[in-house]
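Q: Encoded as structure tokens, here's the structure I'll be asking about.
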Amino acid sequence: MSPVKDHRRYQFFLLILAILAAMSPIAAASFGAASVNFTDVLSSIIQRLPWQDDLVFHPASITERIVFELRFPRIMLAFVAGAGLALAGSVLQTVTRNPLADPYLFGISSGASFGAVVVFSLLSSGLFAQADLLALSSGQLAWWSWQNLLLPIGAFAGASLSVLLVLSLSGLGRSSQIERMLLSGVATSFLFGSLTSLVLYFSSPQATASVLFWTLGSFAKASWAGVVLPSVIVISSLVIILVFKRQIVALQAGDETAHTLGVNVAKLRLNMLLLCSLITAILVASCGGIGFVGLMIPHCVRLLFPGRQPMVVTAIIGGLFMVWIDVIARCILGNQELPVGIITAAIGSVFFLFILRHRR
């Protein structure tokens, strides 16, 4: 394909992607247990426009409250989670030169879950008030409150510990480092998974019950206050990745080539791994463990745009993917909600086997 046709194809896809990004939140808000159609969502949005305000106060209708207080925060959190996991997967696959790298398979998600579960257990053990635990699990605390920041801090500590453990196990040999990193990540994932089960075994029944559904991944507790911190972290991380994009892409040619181009390979790789740990930790603390998104989306973007690595497009596609996976989770069963992590694991495991089968 000629460069001109490739550029036109890229611009056309960006236009389609922009339309999908604008329409998907409205369409996704029309799915759920309550009967709210597409027209109702549009009417609720129009009623919230600034020029619709007048001197007479009109209380929000039930439909408007469902759309703006329940579904839109959930859709926003799902989009941010999908975008962040897709970015983390793309960066991990680039800096490790491993097409199978993913926050879930790399052990980062398991480490973050372990740190978050430890915080949950400490909260439920009486170290803090029981009301704080209930408010934290329901997302009613302000995003800046110290109680609501304990979970991300614990998750980041566990994720960072997982990254350091993987790097220590992968060795320094360049010829085997890629395979060792994947195997070390899988082993680390099992290690932190077993430690998480051990902590839950000695925790109170209430903490175990509340954490069990959360560890499978869910956006059921989403709120506007709970969306602020993940959004800030993911957007800031995207800006940092775009600033260092040239150095990150240089790692694909090999450590020696990147070093000759003036890239501090060891420092850049460690910083990017810690940045992916921060993204994963914040998202795990907000919506639980959701796997394989960081594996699938970067591969799909590379299939759509060979030779390109558009980080912004990767983030948008990951966000849209997660929004509609959440719609499936809400609607696939009649009277209950299926955890999002189960659906992504089912799709991602098949995709993982496909990549293994066709990898040279």
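The values are calculated or read from the model by the stated rules, or taken from the named source; none is laboratory data. What you are looking at is a predicted structure, and each value in this text was computed from that prediction instead of being measured. Cβ coordinates were reconstructed from backbone atoms using ideal geometry, including for glycine residues, and neighbour counts include every protein chain displayed.
Q: Identify all residues within segment 309-326 that are in a loop (DSSP other than H, G, I, E, B) and either aliphatic (A, V, I, L, M) or over 16 Å from Ile16 (Cβ atoms) (or both); write none if there are none. Quick ask: steps written out before the conclusion?
A: Restricting attention to segment 309-326, the residues satisfying the condition of being in a loop (DSSP other than H, G, I, E, B) are 309-310.
Result: Gln309, single match.
Q: I'm told Gly289 meets every condition in (1) more than 29 Å from Tyr10 (Cα to Cα); (2) part of a helix (DSSP H, G or I); (3) in contact with a Gly (Cβ under 9 Å, 6 or more places away or on another chain) except one. Can you identify the failing condition by its number?
A: (2)
Q: Just one of Leu100, Leu77, Leu55 is modelled with pLDDT under 90 and surrounded by 13 or more Cβ atoms within 10 Å (Cβ to Cβ); which is it?
A: Matching residue, one of Leu100, Leu77, Leu55: Leu100.
Q: Tell me the helices (runs of 4 or more DSSP H) entirely within segment 152-259 that contain at least 1 residues that are within 15 Å of Ser109 (Cβ to Cβ).
A: Values: elements: 174-201, 205-215, 224-243, 245-250.
So the answer is 174-201, 205-215, 224-243.
Q: Give me the pairs, please: first residue somewhere in segment 169-195 and modelled with pLDDT under 65, second residue anywhere and among the acidic types (Asp, Glu) and assigned to a helix (DSSP H, G or I), beta-carbon distance under 7 Å, and either six or more positions apart or on two chains.
A: Matching pairs, first to second residue: Arg174/Asp255.
Q: Now, a different point. Of the residues that make up segment 336-347, is at least one among the β-branched types (Val, Ile, Thr), assigned to a loop (DSSP other than H, G, I, E, B) and surrounded by fewer than 19 Cβ atoms within 10 Å (Cβ to Cβ)? Give the steps one after another, and end with the answer.
A: To start, the set of residues in segment 336-347 that are among the β-branched types (Val, Ile, Thr) comprises 340, 342-344, 347.
With the extra rule that they be assigned to a loop (DSSP other than H, G, I, E, B), the set shrinks to none.
No, every residue in segment 336-347 fails to be among the β-branched types (Val, Ile, Thr), assigned to a loop (DSSP other than H, G, I, E, B) and surrounded by fewer than 19 Cβ atoms within 10 Å (Cβ to Cβ).
Q: Got a sec? Which of Ala281, Ala329 is under 27 Å from Met23 (Cα atoms), of a type in the set (A, V, I, L, M), touching a helix residue (DSSP H, G or I) at 6+ places or on another chain (Cβ under 6 Å) and part of a helix (DSSP H, G or I)?
A: Details: Ala281 fails: under 27 Å from Met23 (Cα atoms).
Matching residue, one of Ala281, Ala329: Ala329.
Q: When you scan segment 293-306, how many residues do you find that are more than 17 Å from Phe219 (Cβ to Cβ) and in contact (Cβ under 8 Å) with a residue 40 or more places away in the chain?
A: Residues that pass the stated criteria total 9.
Q: Continuing with this model, one more query. Name the pairs whose Cβ atoms lie under 8 Å apart, with the first residue in segment 234-257 and surrounded by fewer than 16 Cβ atoms within 10 Å (Cβ to Cβ), the second in a loop (DSSP other than H, G, I, E, B), and 6 or more positions between them or separate chains?
A: Hits for this filter: Lys245/Gln309; Val249/Gln309; Gln252/Arg97; Gly254/Arg97.
Q: Hey, another quick one. I'd like the residue in segment 23-41 that is at pLDDT below 90 and aliphatic (A, V, I, L, M) and, out of all such residues, is nearest to Ile75 (Cα to Cα).
A: Per the criteria, the residue is Val41.
Q: Check Gln309 against each of (1) surrounded by 19 or more Cβ atoms within 10 Å (Cβ to Cβ); (2) closer than 13 Å to Gly89 by Cβ and name the one condition it does not meet.
A: Among (1) surrounded by 19 or more Cβ atoms within 10 Å (Cβ to Cβ); (2) closer than 13 Å to Gly89 by Cβ, the lone unmet condition for Gln309 is (1).
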